[in-house]
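For reference, the structure is listed below as structure tokens.
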């Protein structure tokens, strides 16, 4: 799978989770293993800090199934989350 396309996955996860008022400020990730077409992946994350509108998250992407492995880690982001009207 193309690295740039795959790299959009953690950004999409965060914006889907936190909603349309979310703006990605920073994103970082490191590929640890290859992911092949047809494999299923699971994105997980947790909030590590909240300072006003700025939210910091750590993430991981793992291949699930018989060949389970961590594909992306460390990963994380900072986001600006505005209150919804």
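Which residues, taken from the stretch 35-82, are free of Cβ contacts under 8 Å to residues at least 60 places away in the same chain and outside any strand (DSSP E or B)?
35, 36, 37, 38, 39, 52, 53, 65, 66, 67, 68
Taking the conditions exactly as written (surrounded by 15 or more Cβ atoms within 10 Å (Cβ to Cβ), under 18 Å from residue 83 (Cβ atoms), modelled with pLDDT of 95 or more and in contact with a strand residue (DSSP E or B) (Cβ under 8 Å, 6 or more places away or on another chain)), does residue 63 satisfy them or not? Lay out the reasoning, then the answer.
Values: surrounded by 15 or more Cβ atoms within 10 Å (Cβ to Cβ): yes; under 18 Å from residue 83 (Cβ atoms): no; modelled with pLDDT of 95 or more: yes; in contact with a strand residue (DSSP E or B) (Cβ under 8 Å, 6 or more places away or on another chain): yes.
Spelling it out, it is not the case that residue 63 is surrounded by 15 or more Cβ atoms within 10 Å (Cβ to Cβ), under 18 Å from residue 83 (Cβ atoms), modelled with pLDDT of 95 or more and in contact with a strand residue (DSSP E or B) (Cβ under 8 Å, 6 or more places away or on another chain).
Mind checking which residues of the stretch 61-81 are out of contact with any helix residue (DSSP H, G or I) (no Cβ under 9 Å at 6 or more places or on another chain) and closer than 16 Å to residue 47 by Cβ? Lay out the reasoning, then the answer.
Taking the stretch 61-81 as the starting set, the residues that turn out to be out of contact with any helix residue (DSSP H, G or I) (no Cβ under 9 Å at 6 or more places or on another chain) are 62-70, 73-74, 78, 80.
Residues satisfying the conditions are 74, 78, 80.
The values are calculated or read from the model by the stated rules, or taken from the named source; none is laboratory data. Since the structure is predicted, the reported quantities are computational estimates derived from the model, not experimental observations. Virtual Cβ from ideal backbone geometry, glycine too; neighbours counted across all protein chains shown.
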